[in-house]
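Before any comments, here is the structure.
Coordinate-derived values only; no laboratory data. Note that the coordinates shown come from a computational prediction; the quantities given were computed from them, not determined experimentally. Heads up, the Cβs are rebuilt from the backbone with ideal geometry, glycines too, and the neighbour counts pull from every protein chain shown.
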Amino acid sequence: MVTDPSDLLRQHGIQVTAQRLAVLRAVAGHPHITADAVAEAVRAEIGAISLQSVYDALGVLVAERLLRRIQPAGSPARFEDRVDDNHHHLICRACGRMVDVDCAAGSAPCLTAVDDRGYEIDEAEVVYWGRCPDCVGQSRAPSNSDPAPPRRRRGQGNAHRGPDDRIKSS
Ligand SMILES: [Zn+2]
Ligand SMILES: [Zn+2]
């Protein structure tokens, strides 16, 4: 039951604009997209749009609960249109890839705090941090005694490279 995005906006009393529609489409097509990436996608679709306009549109859509905003620690906010449930997220520490994971406990997990301290709780956020399969595969079993070996040799390690290593590039 895919609702027409224009109808969706009208149902929520939001004025339908090309920019808002394009923002909605961008997020629908790329779950967990950043505002910067939304701006890029929208520009590709309808032409120039300022980052501020993108933020404004995202703000309106989040306020009306058409989009959900996820704010992982230490990374830009991400946006998704899967708003009808209380799913969680897996985030890779290495590459930042974020994927959905269904709630382990039910439709609204952990809302019943052990002690609510008098707060009226309306949301519990669960983020699983770790490394995605690709990143785990790239660096199997890093030893704890070895502090983060450099993965790229950019600006270092050139001494032992012969001139033949250099492939002509433009
Ligand atoms: Zn990763
Ligand atoms: Zn999600």
**Request:** Rank these for me by crowding, Y128, Y119, Y55, going from fewest to most other beta carbons within 10 Å.
**Result:** Y119, Y128, Y55
**Prompt:** For the stretch 85-139, what is one quarter of the convex hull surface built on the Cα atoms, given in nm²?
**Reply:** 4.8 nm²
**Fill in**
For E45, the net charge from surrounding residues (Cβ-Cβ under 14 Å; K, R +1; D, E -1) works out to +2
**Message:** Quick check of the Kirkwood formula: for the stretch 56-102, what is the inverse mean of 1/r over all pairs of different Cα atoms, in Å?
**Reply:** 11.5 Å
**Asked** Could you give the alpha-carbon Rg of the stretch 1-84 over 2.2 N^0.38 Å, rounded to two decimals?
**Response** 1.00
